[in-house]
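A quick write-up on the structure given underneath.
The values are calculated or read from the model by the stated rules, or taken from the named source; none is laboratory data. Not measured: the values here are computed from a predicted model. With ideal geometry, Cβ positions are generated from the backbone for all residues, glycine too; neighbour counts draw on all protein chains shown.
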């Protein structure tokens, strides 16, 4: 049984977004804007902390995440049907690729751009009953399958030096680590298995020291793990379903946190679904931009 320290600061509501299923969060350091999605009420949220301005852009279909491109108003969106370029000004969507056309019950769930410029993402079984999901890498031309088969995928994220890819098998409460050898990813090893009472591992991010900050679905917290896999610190979050997190702000020291209200009574968990923020004193790393 691990005994991490408890962080003394409690995250506060930054945007009362009341998302059904908030997820897919990324900080755009070029515009000082936070982007995240609501999967079940499909749309992209945006928030500029310097002014307090925020809003919601409807998406044409279920969207699991958004990634940065050279044009700040254009993102790569992880739609149910596949990856697409999405213009947040016009609402125009341009399909890029579909990883699993033979799996109509699957959808894209979480993703990132790695230090190598590739998109790493996971698919999952939307009804959450069959192990048809997998982790993938796409460089803009070639698609390669990294790992499967899983029911619910989350993450993936890369270590700051790009030598390790972390990916979460949420249903089995396990975070996997893949070591990179050139362009090749090695066989997965178990990095962390969630203990009983922790809930399930969901989205995550890394800081500049290579620590992994992991959200607990059903656990009301985020845990910071060392690169060796030791639970070092817990950040309590005032709602149960904590879904994803990203460092933002001018110095990348503010941890922004998405949550979900799905399946929860708003009278018993009135804080569910909002965007939270907490100052950490720890620096994150800039999100990579997909150039492909």
Discussion item. Here is a check on your reading of the model: is residue 107 more than 23 Å from residue 156 (Cβ to Cβ) and out of contact with any helix residue (DSSP H, G or I) (no Cβ under 9 Å at 6 or more places or on another chain)?
Written reply: no
Practice prompt. Check 175, 222 and return the single one that is assigned to a strand (DSSP E or B), closer than 20 Å to residue 131 by Cβ and touching a strand residue (DSSP E or B) at 6+ places or on another chain (Cβ under 9 Å).
Written response: 175
Discussion item. Of the residues 186, 292, 199, only one is out of contact with any helix residue (DSSP H, G or I) (no Cβ under 8 Å at 6 or more places or on another chain) and either at positive phi or modelled with pLDDT of 95 or more (or both); which?
Written reply: 199
Worksheet item: If you scan region 215-230, which residues turn out to be under 13 Å from residue 168 (Cβ atoms) and touching a residue at least 60 places away in the same chain (Cβ under 8 Å)?
Response: 223
Item to complete: Would you please name the residue that is surrounded by the fewest Cβ atoms within 10 Å (Cβ to Cβ), looking only at residues in region 131-149 that are over 22 Å from residue 286 (Cβ atoms) and under 17 Å from the mean Cα position of the chain (by Cα)?
Response: 134
Worksheet item: If residue 128 satisfies every condition in (1) closer than 30 Å to residue 270 by Cβ; (2) in contact with a strand residue (DSSP E or B) (Cβ under 9 Å, 6 or more places away or on another chain); (3) in contact (Cβ under 8 Å) with a residue 24 or more places away in the chain; (4) surrounded by fewer than 20 Cβ atoms within 10 Å (Cβ to Cβ) but one, which is the exception?
Response: (2)
Practice prompt. Inspect region 35-53 for any residue being in a loop (DSSP other than H, G, I, E, B), in contact with a strand residue (DSSP E or B) (Cβ under 9 Å, 6 or more places away or on another chain) and over 22 Å from residue 259 (Cα atoms) and give the result as yes or no.
Written response: no
Discussion item. Among the residues of region 192-214, are any without any contact (Cβ under 8 Å) to a residue 60 or more places away in the chain, within 18 Å of residue 135 (Cα to Cα) and not in a strand (DSSP E or B)?
Written reply: no
Worksheet entry | Check on residue 178, modelled with pLDDT of 95 or more, farther than 24 Å from residue 286 by Cβ and surrounded by 19 or more Cβ atoms within 10 Å (Cβ to Cβ) | no
Practice prompt. Kindly check whether there is at least one residue in region 273-281 that is modelled with pLDDT under 95 and touching a strand residue (DSSP E or B) at 6+ places or on another chain (Cβ under 8 Å).
Written response: no
Item to complete: Starting from region 48-60, keep only residues that are within 15 Å of residue 254 (Cα to Cα), then list their pairs with residues that are part of a loop (DSSP other than H, G, I, E, B) whose Cβ atoms are within a distance under 8 Å, requiring at least 6 positions of separation or different chains.
Response: 48/31; 48/32; 49/32; 49/249; 50/32
